[in-house]
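Take a look at the structure below.
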Amino acid sequence: MSYLTYLLPLAAAAFVIWCAWQWLPVFSEQLPEPPAEGDSPPRRKKPPFSFAAECGRMTRRDGLAVLVICAVYAVTAFVGLGDTTAPQSRCEFAERGSNVVIELPESTQIGKLRWFSGLYTGEYYLAVSEDGENWTPVGEIELAYADLFKWLDYPNEDTEEPPERIEGKYLRLTASDTLSLAELAIYDAAGNMLDAATFSYDENAAALFDEQELVPEAASYLNSSYFDEIYHARTALEHIENVYPYEITHPPLGKLIIGIGIRLFGMTPFGWRFMGTLFGLLMLPILYDFIKRMSGSTKISVCGTVIFAFDFMHFVQTRIATIDTYSVFFILLMYLFMWRFVSGGKWRYLALSGLFFGLGAASKWTCVYAGGGLAVIWLLYWISRRREEGFWRDFISNCAFCLVFFVALPAAIYYASYYYYGTAKGLEGGLGMYFTKDYADIVLHNQVYMWEYHSDLVSTHPYSSRWYQWLVDARPILYYLEYFDDGTKSAFGAFLNPVFCWGGLFAVIGCGVLAVKDRDSRAAFIVIGYLAQFLPWVLVTRLTFAYHYFPSEVFMALALCHMWRRCRDEGLYRWERPMYAFTGLGVLLFAAFYPVLTGVRTAVWYTRSFLKWFPSWPF
């Protein structure tokens, strides 16, 4: 580690503190006029709390800015997302004892096998023969849940008892249960891939050798699943193929959305990652509109959106086929429409907020936390109107309205999202299935299972982290790591851009002060949203990771923009300069950290000398 390892984070921290220092005049109070002689000192009265109206709406200029930001981000995010091809046809082993026999052109010493696994887990028993009659067992290949939709080798360094020699004219694979294998490559002892066109095999085995051009030189994140993709991408395919899912610890909607990409592009890395990346892109115009309505400033909206777009967590997390992206997307929408309701009073926006709350809850339970924040904001809105004429009539009517759009509609969406659980269990599809006891039991039992799973989970992970580490970016989660003999490595993980992480925390604290001191409704709205996502994790004792902080960064971006808005409104001299500098540094750090956000091969010395800002960072 060089001195730069310490100098760079110290410089970044000093810069963030300097930016936050520019906000101090916002918190100063104007002293009242001195009292006349003999009078009592005047008391400062705080204004009553009420939600402010929207500051601005999208213009053509804003539309152009959004288009440019989205275009740049789209190129950055979709390039290198993953291979657009992968073996699609599969050799199906229908039951225990099913096998295929492959005849090689001559007796050959087999160095290794490389295959792309299908949907099911189990074991393959390998045997060789010289005559096709007398077989010698030579090994066992175990396919665990973490091995699906990956290119794997046998034997490899993880093989418990590697065979001393695999040699014969015939090779037989026998399944321990229902299994599926997409492609198989056979290599000789010298490491040369044998030409499958010279093999003989029965018709069922044809799918093992029909896409040999797709066999890679080595497995990587570009051609194989990684981290929780082994659960969520798999479940998406299971829904498509009407198989009861293996992963049932989260509601179904997020996996159904992943499945749209698979239907469009096949069961390929690009296919199962496409929808998450698309939703990450779609967050940007939504956030821009949100900021513009809260600040009324195109400059602030551009900076806030750019900071969020090129935040490390947003970039990395939306490019992996997990469900967190969809929960954050729907949280962003539900809070946008709640803001439009409290700032304008139109009930249709409240209905839309409830709709997206339902979609979020059907994607991941963490959206229920967001719903708690919405409830607090809604209650504050009505408290602020309690002295208005006709208050009780409007309030009671709105309560009934909310029962429809925040209870009945989300419950219906949630219940309906289990459709493929029902059909996979053999229930007859269609609208009538929703009204059967069997379907209701499937949904109910899954809720019980999820609750017990998450409340009783006891596990460890080398890259887990606690809530207090998220606040300062202390412990990223490493998704992928591979070293190469030429002094390079490929690695990437999920964590926040440190400037955004630290500056956003200062901004949230600043908004908290303004909400109390000035009855600032925008600041209160932001802080409530942030705390609704963050505080529940303080109480959680189970295994947690840095990506659980992902929803909070939406409100950190809003908080930064609100502090810059307050600086503008206070007429601070050259208030834009720190904002532009903050945005520029955020983009610069994104470029510097790009290798450990995408897995691009880079020199080990670079990551250790420039990017390992803390000993706990795994780069």
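Each reported figure results from applying straightforward, stated rules to the coordinates on display, with no laboratory input. This structure is a prediction, so every number in the text was calculated from the model and none was measured. So basically every Cβ, Gly included, is an ideal-geometry build from the backbone, and we count neighbours across all protein chains shown.
Calculate the length of the line joining the C-alpha centroid of region 503-520 to that of region 174-248, in whole Å. After rounding, the separation between the Cα centres reads 53 Å.
What is the mean projected area of the alpha carbon convex hull for region 407-512, to one decimal in square nanometres?
12.9
Placing unit charges on the Cβ atoms of the charged side chains and taking the dipole of the chain about its Cα centre, the candidate lying farthest along the positive direction among LEU126, GLN88, TRP115 is GLN88.
Backbone amide hydrogens, once placed in the peptide plane, bring ILE477 within less than 5 Å of ALA494, ALA546, excluding anything fewer than 5 places away on its chain.
Fully extending the segment from GLU95 to VAL368 would add 94.1 nm, taking 0.36 nm per residue of separation and subtracting the current Cα-Cα distance. Ordering LEU543, LEU152 from the fewest to the most neighbouring beta carbons within 10 Å gives LEU543, LEU152.
The calculated FRET efficiency for LYS425 paired with GLU133, based on their beta-carbon distance and R0 = 35 Å, is about 0.20. Note on the chain: helix-only mean residue ellipticity at 222 nm, from DSSP H runs of 4+ residues weighted -39500 (n - 2.57) and normalised by residue number, equals -15500 deg cm²/dmol.
Counted by neighbouring Cβ atoms within 10 Å, the residues THR268, THR121 run from fewest to most as THR121, THR268.
Amide H contacts of LEU543 (H built 1.01 Å from N, in plane; Pro and chain starts excluded): SER459 sit under 5 Å, all sequence-distant by 5 or more or on other chains. When +1 charges are put on Lys and Arg Cβ atoms and -1 charges on Asp and Glu Cβ atoms, the dipole computed for the chain relative to its Cα centre reaches about 4720 debye. In this structure the amide hydrogen of CYS91, modeled in the peptide plane, comes within under 5 Å of the amide hydrogens of LEU181, ALA182, none closer than 5 places in sequence on its chain. Computed over neighbours whose Cβ is under 10 Å from that of TYR170, the net charge equals -2, Lys and Arg +1, Asp and Glu -1. Here the 3J(HN,Hα) profile of region 98-109, calculated from phi with Karplus coefficients 6.51, -1.76 and 1.60 at θ = phi - 60°, is 4, 8, 10, 10, 10, 9, 7, x, 7, 4, 9, 7 Hz, Gly and Pro shown as x. The stretch between TYR580 and VAL516, if pulled fully straight at 0.36 nm per residue, gains 20.2 nm over its current Cα-Cα span.
Hey, for a label at ASN156 modelled as a point 7 Å past Cα toward Cβ, could you say which residues of region 208-235 have their backbone N under 13 Å away? Under cut-off, by backbone N: 216-227.
A simple count of charges around MET433, restricted to other residues whose Cβ falls under 14 Å of its Cβ and scoring Lys, Arg +1 and Asp, Glu -1, yields -1. Out of (1) 236; (2) 193; (3) 185, which label holds the value of volume of the Cα convex hull per residue in Å³ that was computed here? Matching entry in (1) 236; (2) 193; (3) 185: (3).
Each Lys and Arg adds +1 at its Cβ and each Asp and Glu adds -1 at its Cβ; summed about the Cα centre, region 91-214 shows a dipole of about 60 debye. Once the Cα atoms are used to define both axes, helix 391-402 deviates from the longest principal axis of the chain by about 0 degrees.
Under a Cβ-Cβ cut-off of 13 Å, what is the net charge of the residues other than LEU350 that fall near it, where Lys and Arg count +1 and Asp and Glu count -1?
Local charge sum for LEU350: +2.
Compared with the direct C-alpha span, the chain from GLU452 to VAL600 gains 49.3 nm at full extension, assuming 0.36 nm per residue. Each part reduced to its alpha carbon centroid, region 406-435 and region 318-392 end up 24 Å apart.
Across region 420-435, rounded Karplus estimates of 3J(HN,Hα) from the backbone phi angles (6.51 cos²θ - 1.76 cosθ + 1.60, θ = phi - 60°) give 6, 5, x, 5, 5, 8, x, 6, 6, x, x, 4, x, 4, 5, 9 Hz, Gly and Pro being marked x. Derived scalar couplings between HN and Hα for region 450-462 equal 4, 4, 5, 5, 6, 7, 9, 5, 10, 7, 10, 8, x Hz in order, rounded to whole Hz, by the Karplus curve 6.51 cos²θ - 1.76 cosθ + 1.60 (θ = phi - 60°), x for Gly and Pro.
Just rank SER129, SER297, fewest to most, by other beta-carbon atoms within 10 angstrom.
SER129, SER297
Farthest toward the positive end of the dipole of the chain, out of SER224, HIS548, VAL16, is the Cα of VAL16, where the dipole comes from beta carbon charges about the Cα centre. Of all chymotrypsin sites (Phe, Trp or Tyr not before Pro) in region 548-613, which ones are in loop regions per DSSP and have a Cβ with at most 12 other Cβ atoms within 10 Å? Passing both the DSSP loop test and the Cβ count: TYR573.
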